[in-house]
Amino acid sequence: MSRLLLGSAFGLALAIGVLIAPHASLAAMDEPSPRPKLDCGDISNTDKQACAPQNGQLSDDQIYESAYLSAKNGNYQAAIAMASQAQNKEDPRILRVTGFATRKLGDVDGAMPYYQKALDINPGDTKTREYMGEAFLSLGELAKAREQLREIEKHCGVSCEDYQTLADAIAASHVRFPRG
């Protein structure tokens with residue numbers, strides 16, 4: 001009798017497993033898997049549906065973010081192309097990212113007007129001052145880089161990231177440009 005009871009219990013367990021298993025896998029399939037987020041600042045993704053402009057046009061905020069991400073990832077041409085689509089060409093952020101990408105492409109002199117115009121509009125923009133200071137360093141103009149560092153200090157002190165980054169670059173420049 002115990003063999004019969006054991007066999008019946010096994011059969012019942014098998015039947016329950018067959019009935020439940022397909023439903024468990026269906027439940028797991030009901031939830032969509034998350035899609036990886038596309039980097040719309042990457043020029044190779046601009047034709048993808050997820051990166052298409054909404055309502056026909058990107059906002060200047062979206063354009064800046066995309067240009068910034070492109071520049072941060074080393075896609076300087078894409079950053080310039082994206083920034084050029086901004087409605088407000090006088091937005092200091094757009095000017096700054098265009099100057100940064102231009103400088104990183106090797107045109108330091110071409111970057112300076114973008115930085116200067118951004119600072120004319122927003123003299124307290126410490127990130128632009130940091131980038132301008134780095135540009136002056138690449139031109140060997142240490143005194144002008146230090147001037148930008150002093151301006152950054154006036155706006156955010158010596159502990160802010162922009163101050164520290166430019167101060168570190170100036171310190172490193174002394175190794176490259178030793179005093180005679």
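Our summary gives the stretch 73-180 a relative contact order of 18 percent, counting only alpha carbon pairs under 8 angstrom and 6 or more residues apart. With the cut-off at under 13 Å, measuring from each backbone N in the stretch 99-126 to a point 7 Å along the Cα-to-Cβ line of residue 155 picks out 115-126.
No value in this document is a laboratory result; all are computed from the given coordinates. Owing to the predicted nature of the structure, the values given are computational and were not obtained by experimental measurement. Note: ideal-geometry Cβ built from the backbone for every residue, glycine included; neighbour counts use all protein chains shown.
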